[in-house]
Amino acid sequence: MRVVVAGGSGLIGAAVVRRLRVDGHDVAAMTAHPERSSRRIETLGARPVRGDVLDAGSLVAAVGGADGVVQALTFPTFPVEKPAKRFTFEEFDHLGTARLVEAAVRTGVGRFVVVSGSGAAPDAPRVWFRAKWLGEEAVRSAGIGSVILRPSWVYGPEDRALNRFVSFHRLLPVVPVVGDGSQRLQPVLVDDVAEAVAMAVGPGAPAGTFEIGGPEVFTMDQVLGVMMEVLGRRKPLLHVSPALPKLAGWFLRVLPRPPLSPDAVDFLTGDALADTAPLLRAFGLRLTPLREGLAGYLGSGRRDPPA
C-alpha cells in the first residue's frame, strides 16, 4: 500500500511514518521544502515528496498514485500564527485540508485520514477549533472513505510541550507553570495516535470521527507530578499569571519564529479532553497510561527529549 503523509517530519507525522513502515507500506512524506527535511524523512524510512497545502497546484502530483493520504500537517510556527506568511489555522487546518482532500479525490485516492483536534466545533470560541472543524467538513463532504481523528494533548520523545517542562525540571530549581495548573488534560502518547492512524488508513477500517486521548484525566499540576516522579525528583511548581507570557508574546510575535503570542498562550493553557469510548469500540486500541508512556523514554535514559 502506498501512503502519503502530509507533515511526515512533524511530531505526529513522523510517528505515523514509522508505524506504517513497520507494516511494510511504501510511505512518502509530503513537505513544502524537501531540501530542508529530506534527511530527516529518509531516516524515518520514507521518501520526500514536494507538496504545499498553500499551493493547490502542487498537491495533485504529490498524492498521485497513492492508496491513502494522511493529513498530519500544521504550519511551521505553530501554535503562533504569522498571517503575513499565511501561517494560520485557517490556511492550514481548514483551507489546506480542503485543498489536499480535493487533490486526493481528483487522483482517485481511496482513503483519507485527517488528524484534527479534540474540541473542534462549528461554534467553538477559539479560531483553531473552528478551523479544524471546517477542515473536517471538507473531508466529510468530499465523498472519499475517511477517518477523522481528534487527539487531545499529544506527548512523546519529540514533543515540544511536555518536554519543555522536562527541560525546566532539569535546569531550574522550580518548574514554572502558566496559570493555576487546574486545566484538565488527557495526555495521549504519540505512538497511540500513530497506531490509530495506521489502522484508519488501511482497507476495511471503520469510517467516521473519533476522539483519542489517554486513559486518564489529570490537571496540569498532576501531569507534572507524574513527570517528576518518573524523573526521580520532585521540585516546587511556580505558577505564573497568563498575563505575563501574553505580554511577552505580544512583543515576541514579530520574530520570524516566535515562541509565544497571546493567542498561543490561550491555546497552550486550555483544556484538552477526549471521549475515547467510540474509538475503543471501533479500533480496539490499548491507550497507554501517562506514567508508562513517560517511563518509556524518560525513565530509561535511552534518549533525551528536545529542549
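Rounded to the nearest 500, the helix-only mean residue ellipticity at 222 nm of the chain stands at -11000 deg cm²/dmol, with each DSSP H run of n ≥ 4 adding -39,500 (n - 2.57). For Lys132, the lysines whose Cα falls under 26 Å of its own Cα, not counting residues fewer than eight places away in the same chain, are Lys82, Lys85, Lys246.
Dipole orientation for the chain: of the candidates Leu224, Val115, Ala196, Leu224 has the Cα lying most toward the positive pole (charges on Cβ; Lys, Arg +1; Asp, Glu -1).
Pull out a ≥ b ≥ c, the square roots of the eigenvalues of the alpha-carbon gyration tensor of the stretch 1-76, then state rounded if a/c is under 1.5, prolate if not and a/b is larger than b/c, and oblate in the remaining case.
On the way: a/c = 1.64, a/b = 1.22, b/c = 1.34.
Verdict is oblate for the stretch 1-76.
Using only the Cα atoms of the stretch 220-280, build the gyration tensor, take square roots of its eigenvalues as a ≥ b ≥ c, and label the shape rounded, prolate or oblate: rounded if a/c is under 1.5, else prolate if a/b is larger than b/c, else oblate. Verdict is oblate for the stretch 220-280. Dipole size of the chain about its Cα centre, with +1 on Lys/Arg Cβ and -1 on Asp/Glu Cβ: approximately 740 debye, rounded to the nearest 20. Cα extents for the stretch 46-141 along the principal axes, largest to smallest and rounded to whole angstrom: 39, 27, 22. Rolling a 1.4 angstrom probe over the protein heavy atoms with all chains in place gives the chain an accessible area of 44 Å² per residue. Mean separation of Cα pairs under 8 Å and 6 or more residues apart, divided by the residue count, gives the chain a relative contact order of 17 percent. Between the helical axis of 220-231 and the longest alpha-carbon principal axis of the chain there is an angle of about 80 degrees. Cα centroid separation, the stretch 204-251 to the stretch 26-92: 27 Å. Kirkwood analysis of the Cα pair distances in the chain returns a hydrodynamic radius of 19.7 Å. For the stretch 190-262, the ratio of Cα radius of gyration to the globular rule of thumb 2.2 N^0.38 Å stands at 1.69. Cα axis of helix 127-140 to longest principal axis of the chain: angle in degrees, 0 to 90, nearest 10? Approximately 30 degrees, to the nearest 10. Across the stretch 101-205, the mean sequence separation of Cα contacts (distance under 8 Å, 6 or more residues apart), normalised by length, yields a relative contact order of 29 percent. Placing His94, His169 in order of accessible area, with the largest value first and a 1.4 Å probe, yields His94, His169. Cα axis of helix 11-22 to longest principal axis of the chain: angle in degrees, 0 to 90, nearest 10? That helix lies at roughly 60 degrees to the long axis. In the stretch 113-174, what is the volume of the convex hull around the alpha carbon atoms, normalised per residue and reported in Å³? Convex hull of Cα atoms, per residue: 95 Å³. Cα extents for the stretch 59-104 along the principal axes, largest to smallest and rounded to whole angstrom: 34, 15, 15. Here the dipole of the stretch 1-132 is about 260 debye; that uses its Cα centre as origin and unit charges on the Cβ of Lys and Arg (positive) and Asp and Glu (negative).
The values are calculated or read from the model by the stated rules, or taken from the named source; none is laboratory data. Only a predicted model underlies this, so the values are computations on that prediction, with no experimental measurement involved. Glycine also receives a Cβ, built like all others from the backbone with ideal geometry; neighbour counts cover every protein chain displayed. Accessible surface is based on the protein model in full, side chains and every heavy atom, while ligands, DNA and RNA are left aside. Shrake-Rupley method; radii C 1.70, N 1.55, O 1.52, S 1.80 Å.
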